[in-house]
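Written below as structure tokens is the structure these notes are about.
The values are calculated or read from the model by the stated rules, or taken from the named source; none is laboratory data. Keep in mind that this is a model prediction, so the values were computed, not measured. Note that we place each Cβ from the backbone using ideal geometry, even for glycine, and neighbour counts take in every protein chain shown. These accessible areas exclude ligands, DNA and RNA; they are computed on the full protein's heavy atoms, side chains included. Shrake-Rupley method; radii C 1.70, N 1.55, O 1.52, S 1.80 Å.
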Amino acid sequence: MTAVVDLVFDARSAVARRHSGWERYSRSLRRALHDQFRVADYIGPRWRGEVVLPAVNVVQPSMLLRGHAGTPVHYPTFPPPPAVSRALGRRLVYTLHDLTWWRYPETASRLGRAVYRGWAETAVRRATILTVSQAVAREVQSCFDVPADRLFVASLASDLPICEPGRRPGRDRPYLLSVAAIEPRKNIDRLLEAFGMSGLAASHDLVLVGRRAWGQMPAGISLLSDVDDDMLAGLYAGASATALVSLYEGFGLPILESLAQGTPVVCSDLEVFREVSHEAGIYVDPLDPESIAQGLRTAAAGGSPPTSAVMAARTRTWADTARQAGAAYAGARDEG
């Protein structure tokens, strides 16, 4: 007999080996959900020990719902195939992290433009939509006219340990930190150009943490990948500042993670970054390398973010995120 559950969770991203933003979101949310709800994880098939992600696994509803009729189903990262959206309707909860596929399609992956955008559009028309910021929720309402009773917000949290000064990584020189995948929307080329213009190379290093995605890897730059939570927390804590100069984002978790360590952030002047940073960032024009360079110089000169912003970043938890997501599940259950 199948146990009664509150939620079916597509956990393929949560158990995948990759360590990019979507996987971290799925893992952290999954842990918090298991503390609050009775969750049935859908893992799916594996190939040579690795989970087959939705890119090549068009899951049919029966595979997800066997024994769980009437239960909400949450797709936290990749959009659900259209067959799932049509079968589940409102009972499907889909996290739409941002509108990159519509607003900045030239920065998206080929698969995102050719496949995921269409899948997501089908979900937006039928499913319960969960977003990660108020800024994205407003965009979704404006772009798709999603009714308010199908649209929910569950903003993110930092679950990195707070790094004490004695545990910070030893480096020969001060450094500025960037935590981002190498893909066009992250604007790494302009960040590197701005760092060169800033004159800071004489006194500071620029440390890049992330993974190679579908962007061009800049020549002569090393990238730290597969960094664990303790090391990442130490890198944030030891940095003079964290720079996130993306052209567009749905949230910007490195901002929250950096502030939680008490480290200033240099970030694009985007509505969502002002929301996430509680107006505590050093804001720059992401299209203007000189503006970014000035922001880096300001951060390198010293100073700390406001205590109120640091405490807001530290007190926000994934348990809060899970509780907010619970409102979407309740709505999906009532209307499913």
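Here are the numbers:
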| item | result |
| --- | --- |
| For the range 171-200 and the range 128-158, distance of Cα centres in Å | 30 |
| Rough spin-label spacing in nm, given labels placed 7 Å along Cα→Cβ, for residue 315 and residue 224 | 3.0 |
| Stretchable slack from residue 17 to residue 114, in nm (0.36 nm times residue separation minus alpha-carbon distance) | 32.5 nm |
| With all protein chains modelled, accessible area of residue 271 [1.4 Å, Å²] | 110 |
| Local electrostatic count, residue 279, Cβ distance below 14 Å [Lys/Arg +1, Asp/Glu -1] | -2 |
| Theoretical gain in end-to-end length, residue 287 to residue 201 [0.36 nm per residue, Cα-Cα removed] | 28.9 nm |
| Degrees between helix 229-238 axis and first principal axis of the chain (Cα, 0 to 90, nearest 10) | 30 |
| The range 252-328: C-alpha pair distances exceeding 17 Å, % | 49 |
| Two-decimal Rg/Rh across the range 200-336, once Rg and the Kirkwood Rh are taken from alpha-carbon atoms | 1.02 |
| The range 70-106 versus the range 315-334: alpha-carbon centroid distance in Å | 17 |
| All Cα pairs of the range 218-275, percent lying beyond 17 Å | 44 |
| Residue order for 284, 153 - accessible surface, 1.4 angstrom probe, largest first | 153, 284 |
| Virtual spin-label span in nm between residue 308 and residue 143, 7 Å along Cα→Cβ | 3.2 |
| With all protein chains modelled, accessible area of residue 151 [1.4 Å, Å²] | 20 |
| Share antiparallel - DSSP beta bridges, the chain, percent rounded to 5 | 5 |
| Where labels lie 7 Å past Cα in the beta-carbon direction, separation of residue 330 and residue 36 in nm | 1.0 |
| Sequence of 188, 162 from largest to smallest accessible area, 1.4 Å probe | 162, 188 |
| Structure-based [θ]222 nm, the chain - -39500 (n - 2.57) summed over DSSP H runs of at least 4, per residue, nearest 500 | -11500 deg cm²/dmol |
| Exposure rank, largest accessible area first [225, 246, 291; 1.4 Å] | 225, 291, 246 |
| The chain: radius of gyration and largest Cα-Cα distance (Dmax), Å | 20.1, 67 |
| For the chain, built as a Gaussian network whose Cα springs stay under 10 Å, the top-fluctuating residue of 80, 306, 72 | 306 |
| Solvent-accessible area of residue 30 with every protein chain in place, 1.4 Å probe, in Å² to the nearest 10 | 60 |
